Amino acid sequence: MDINRMKEAHNLLAKLDYEVRPLDKGYTDKILYINLTDNKFRIKDVDSNMKEKFIGGKGYGLKLLWDATTPETKWDDPENEIIISSGPIGGITQYSGTGKSLVVTLSPASGSVTDSNAGGYFGPFVKFSGFDAIELQGKARKDVIIVIDGTTGQVTIEEAPEEPMDSHELSEALTEMYADDGKMVNVSVVSSGRAADHAWIGMLNFSFYDKKKGKVRLKQAGRGGTGTVFRNKNIKALVCKIPGVKGNLNNVVDLPAIIERGKRFNKEMRELDEEQCEMKTKGTAHLMEIMDNYDLLPVNNYKFGSHPDSPNIDSEVWKKLFHQGTPDGCWIGCNMSCAKAVSNYIVKTGPYKGHEVIVDGPEYENAAGLGSNCGIFDPGYIIESNFYCDTYGMDIISWATLLAFIMECYEAGILNKEITGGLELNFGNSEAAIELLHQCSRGEGFGLIAGYGIRKMKEIFEKEYGGDPKFLFDIGMENKGLEYSEYVSKESLAQQGGFAITNKGPQHDEAWLIFMDMVNNQIPSFDDKAEALHYFPMFRTWFGLVGLCKLPWNDVEPPDNAETDEPAKVPEHVDNYVTLYKSVTGREFDSVRMIQDSERIYNFQRIFNLRRGFGVRKWDAQPFRAAGPVTLEEYESRAERYDKQLKEELELAPESMSTGEKHKALREFREDQYNKLLDAVYKRRGWNQNGVPTIEFLKEIGMDSPELLEVVEPFQ
């Protein structure tokens, strides 16, 4: 790449000079607003009410988006925004997992608000450049890059016609272009890729420079179509550069307390990781055989939970393929080192065939989704697809889940080669699968339809191809327009709720309760499940308010954690987070207030959904594939288990019933159980039986402003 030629082709459209001020207790109290329609800048002050109620991260993003849009705003309207914000803890380097930032926007696939978290350096770098959030509105006329230069106090909007579009090349080019004296570690880039120009499931890549590997690497804000909105605004990239990272840029209140907790956690990582989750050598891919052993690994569009070929893609395979022996933290100071990568991979297909690249991942979701859920047990195909999804700017979880849906529709006869343009999209066909991905990136053929996501495909398959709408709903693994992440929830009622009662759709970052519910039987009653579906989503919401990664919370645990009163909560680590927050901000804080802070934001987002035309009970409905066997084949695959449940739960005699009769009885029972779960969860969360927060509860948590009450009052 000719970096000088690219730079010379830039056309400066607008420039803002500002003073870079030090942070105070984790905050700058400034927001950088950019309108791309008229190339205008504004630096907004954060008032005390917003800071107190919305905290940072996702909270800031939701509040800014609410204020910027109306109930009628569409995802591709200029007034839609993309907001990127870290949080007060984000960017400290003395504790692992503090590099997260949150992206908030209106989703193309759901029609409502979505949020997605990402690692990489961009979020902390924006803070160190003087801003708690960057707020992007409007649409550029041509492709632009936005450069935030925290070394000089300057923001520019520039036309950038010569740079490549795909993320791995674009991030490398811009990192080299803007690095001072070759210090590429001080530059971070946000980009998408060519697929986001066509698909509704585009995502954003956040870069970080890996000094040990000598490579620009990528972490993803994957869910909800963030990259699609980004490209619709004709943003090619965001660039942020800073002078460097040093000890206390957050200007915290009590640095020694943070250092002490960081050392304590690092000791746990050194001593316990290898015997617990092996994050340093396998990353989240360590889950592959665990999920397979517990019948939780999605196979053939979540039909089954295990497969005899799963050892071909288990964690030991990935351990051998991952680049070992160098740190793999996606933020400075993170010792979890879970951001694994395959180095020196030679691309086999598509526009980069023959290129040698580094592939970030596969993580568990990627390997399970691209692999077993599509009936493909080839690690080479998974790496290839992982690379192309990333560089094309494609949400891997959504792509994998919708591909599995397409494959089942193909095998069920809803689709055929005439419809798919000759692609035989049956389970296990890796060649057709990778070609469909390339088609989607070009906006061609059946790939263009695939890129709309499952919700839209269900509509198309019914109207144009004669698909049975009930069957399509049952097997189409989406809720609220978001495709399911890669866990089989059939035997965990709590996890069914943890997916389908979410605000943005079924992403595991709200609650992962399968082991508590299914394996350990820690939450047997509806009230127990409701309590878990209150606490854990609120607790995990808090991570997205303050700039934290979830993984250090429970992917390594203190040696005596099992002896505590509530081991699932990992109380020592919760106390670490309380200490971190108090030590950064100086605010009075405890584990109770942590949940209260999250309740405000969680309910605000529920009301945001309501304002968008969603947010009531019917939108919490789940596809039956998430709850039980859709087909008779599925029933027979677990007949012993299901027959036992019919005997014990319903006092039926399955030996005298046909498979169809047993299947019908089981379905009615499980649907009834899910509705009872909704009742219990709504009650615990302070919502009415239509899933709407009550006015009494909103007053209790301090979210009873007139603009919110106006939205909820018609539903009381």
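Some observations on this one:
- Verdict on residue 713 being of a type outside the set (Ser, Thr, Tyr), touching a helix residue (DSSP H, G or I) at 6+ places or on another chain (Cβ under 9 Å) and either closer than 18 Å to residue 620 by Cα or surrounded by fewer than 16 Cβ atoms within 10 Å (Cβ to Cβ) (or both): yes
- Residues in the range 561-604 that are touching a helix residue (DSSP H, G or I) at 6+ places or on another chain (Cβ under 8 Å), outside any helix (DSSP H, G or I) and not hydroxyl-bearing (Ser, Thr, Tyr): 565, 570, 587, 588, 589, 590.
- Test for residue 74: is it part of a strand (DSSP E or B), among the basic types (Lys, Arg) and touching a strand residue (DSSP E or B) at 6+ places or on another chain (Cβ under 8 Å): no
- Residue count, the range 389-417 (criterion: of a type outside the set (Gly, Ala, Ser), crowded, with 24+ Cβ neighbours inside 10 Å and outside any helix (DSSP H, G or I)): 2
- Among the residues examined, residue 211 qualifies as closer than 20 Å to residue 359 by Cβ and free of Cβ contacts under 8 Å to residues at least 40 places away in the same chain.
For every residue, the table says whether it meets (1) under 21 Å from residue 576 (Cα atoms); (2) assigned to a loop (DSSP other than H, G, I, E, B); (3) β-branched (Val, Ile, Thr).
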{"site": "510", "(1), (2), (3)": "yes, yes, no"}
{"site": "515", "(1), (2), (3)": "no, no, no"}
{"site": "530", "(1), (2), (3)": "no, no, no"}
{"site": "536", "(1), (2), (3)": "yes, no, no"}
{"site": "539", "(1), (2), (3)": "yes, no, no"}
{"site": "552", "(1), (2), (3)": "yes, no, no"}
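- Answer residue from the range 350-377, given it is among the charged types (D, E, K, R) and touching a Gly at 6+ places or on another chain (Cβ under 9 Å) and is farthest from residue 506 (Cα to Cα) among those: 363
- Test: residue in the range 672-684 that is over 22 Å from residue 492 (Cα atoms) and not hydroxyl-bearing (Ser, Thr, Tyr): no
- Any hit, the range 233-241, residues being surrounded by fewer than 22 Cβ atoms within 10 Å (Cβ to Cβ) and over 21 Å from residue 155 (Cβ atoms): no
- Residues that are among the hydrophobic types (A, V, I, L, M, F, W, C) and within 29 Å of the chain's Cα centre (by Cα), drawn from the range 602-646: 604, 607, 608, 610, 614, 616, 619, 621, 624, 626, 627, 630
- Strands (runs of 3 or more DSSP E) enclosed by the range 1-47 - at least 1 residues per element that are without any contact (Cβ under 8 Å) to a residue 40 or more places away in the chain: 40-45
- Residue 317, sole failed condition from (1) over 22 Å from residue 442 (Cα atoms); (2) surrounded by 23 or more Cβ atoms within 10 Å (Cβ to Cβ); (3) in contact with a Pro (Cβ under 8 Å, 6 or more places away or on another chain): (2)
- When the range 468-486 is filtered for residues that are more than 13 Å from residue 405 (Cα to Cα) and over 24 Å from the mean Cα position of the chain (by Cα), the ones remaining, listed by number, are 468, 469, 470.
- Selected residue (only one of 376, 382 is touching a residue at least 40 places away in the same chain (Cβ under 8 Å), within 22 Å of residue 436 (Cα to Cα) and not in a helix (DSSP H, G or I)): 376
- Scanning the range 50-69 for residues that are surrounded by 24 or more Cβ atoms within 10 Å (Cβ to Cβ) and of a type in the set (Phe, Trp, Tyr) gives a single hit, 60.
- Any chance residue 182 is modelled with pLDDT of 95 or more, over 22 Å from residue 11 (Cβ atoms) and of a type outside the set (A, V, I, L, M): no
- Residue list for the range 23-45, filter: in contact with a Gly (Cβ under 9 Å, 6 or more places away or on another chain) and within 19 Å of residue 123 (Cα to Cα): 23, 25, 26, 27, 28, 30, 32, 34, 43
- Residue match in the range 139-149 (condition: touching a Pro at 6+ places or on another chain (Cβ under 7 Å) and either in the same structural domain as residue 350 (by TED's automatic domain parsing) or not acidic (Asp, Glu) (or both)): yes
- When the helices (runs of 4 or more DSSP H) confined to the range 617-716 are screened for residues that are closer than 30 Å to residue 469 by Cβ, those reaching at least 3 such residues are found at 632-637, 639-650, 659-685.
- Here the range 444-462 is the region considered, the condition is being within 24 Å of the chain's Cα centre (by Cα) and of a type in the set (Gly, Ala, Ser), and the residue that is farthest from residue 112 (Cα to Cα) is 447.
- Of the helices (runs of 4 or more DSSP H) lying entirely inside the range 258-358, those containing at least 1 residues that are of a type in the set (A, V, I, L, M, F, W, C) and closer than 30 Å to residue 427 by Cβ are 287-293, 315-321.
- Test result for residue 345, surrounded by fewer than 24 Cβ atoms within 10 Å (Cβ to Cβ) and among the aromatic types (Phe, Trp, Tyr): yes
- Residue in the range 534-556 that is under 25 Å from residue 495 (Cβ atoms), over 22 Å from the mean Cα position of the chain (by Cα) and surrounded by 19 or more Cβ atoms within 10 Å (Cβ to Cβ) present: no
- Within the range 430-486, being in contact with an Asp or Glu (Cβ under 6 Å, 6 or more places away or on another chain) and among the acidic types (Asp, Glu) holds for one residue alone: 486.
- In the range 147-192, residue nearest to residue 33 (Cα to Cα) [restricted to those that are of a type in the set (Gly, Ala, Ser) and in contact with a Gly (Cβ under 7 Å, 6 or more places away or on another chain)]: 150
- Condition check for residue 456: of a type in the set (Lys, Arg), part of a loop (DSSP other than H, G, I, E, B) and either at pLDDT below 95 or surrounded by fewer than 24 Cβ atoms within 10 Å (Cβ to Cβ) (or both): no
- Options 699, 662; residue that is more than 29 Å from the chain's Cα centre (by Cα) and buried (at least 20 other Cβ atoms within 10 Å of the Cβ): 662
The values are calculated or read from the model by the stated rules, or taken from the named source; none is laboratory data. On a predicted model such as this, the values are computed, not experimentally measured, just so you know. We place every Cβ from the backbone using ideal geometry, glycine too, and count neighbours over all the protein chains shown.
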